[in-house]
Amino acid sequence: MSKVIIATERAPAAIGTYSQAVKVGTTVYLSGQIPLVPSTMEMVSENFREQAEQVFENLTAVCEAAGGELQDMVKVNIFLTDLGQFAVVNEVMAKHFKTPYPARAAIQVSALPKGAQIEIDGVMELPSTN
């Protein structure tokens, strides 16, 4: 098994002992992204919708660094500090994905790193090994 570590300056740098993503064959495992602005490593805002948009921008950057695109994601896990924001997540996700949508889980958690209100990780399947 050969692992390729994916890293890009267009997404927030890892703030722990992990990689932004790891590619094995045509499968890419994306670490959780929170709404940090890559250039400042600060939270985009306190507004939930803006946080969700930033997370999808960060995921897009990592997908592209791995040689794919957001639409290549086959599974996403969404962690929310308030499940009441579920409708907003659906709206934002529909803006960034077209059908067929990836498989998904949405889970309410008590807290996320740096006080984020949303974190998303997932799995991407690339069309080829290029």
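Coordinate-derived values only; no laboratory data. All of these numbers come straight from a predicted model, not from anything done at the bench. Cβ placement follows ideal geometry from the backbone for every residue including glycine, while neighbour counts extend to all protein chains displayed.
Which of the residues that make up the range 98-130 are outside any loop (DSSP other than H, G, I, E, B) and in contact (Cβ under 8 Å) with a residue 60 or more places away in the chain? Outline the logic, then answer.
Our first condition is that a residue be outside any loop (DSSP other than H, G, I, E, B); within the range 98-130, this holds for 103-108, 113-115, 118-125.
Within the range 98-130, Pro113, Lys114, Gly115, Ile118, Glu119, Ile120, Asp121, Gly122, Val123, Met124, Glu125 qualify.
Would you point out which residue out of Val88, Val76 is of a type in the set (A, V, I, L, M) and not in a helix (DSSP H, G or I)?
Numbers: Val88 fails: not in a helix (DSSP H, G or I).
When all the criteria are applied, what remains is Val76.
Kindly list the number of the only condition in (1) within 21 Å of Val22 (Cβ to Cβ); (2) out of contact with any helix residue (DSSP H, G or I) (no Cβ under 7 Å at 6 or more places or on another chain); (3) surrounded by fewer than 19 Cβ atoms within 10 Å (Cβ to Cβ) that fails for Ile107.
Here Ile107 meets the rest and fails (1).
Name the residue that is farthest from the chain's Cα centre (by Cα), counting only residues in the range 1-51 that are crowded, with 17+ Cβ neighbours inside 10 Å and among the aromatic types (Phe, Trp, Tyr). Lay out the reasoning, then the answer.
Within the range 1-51, the subset crowded, with 17+ Cβ neighbours inside 10 Å is 6, 8, 11-12, 20-21, 23, 28-36, 43-44, 48, 51.
Going one step further and asking which of them are among the aromatic types (Phe, Trp, Tyr), we end up with 29, 48.
On the way: Tyr29: 10, Phe48: 15 Å.
Checking each candidate, the answer is Phe48.
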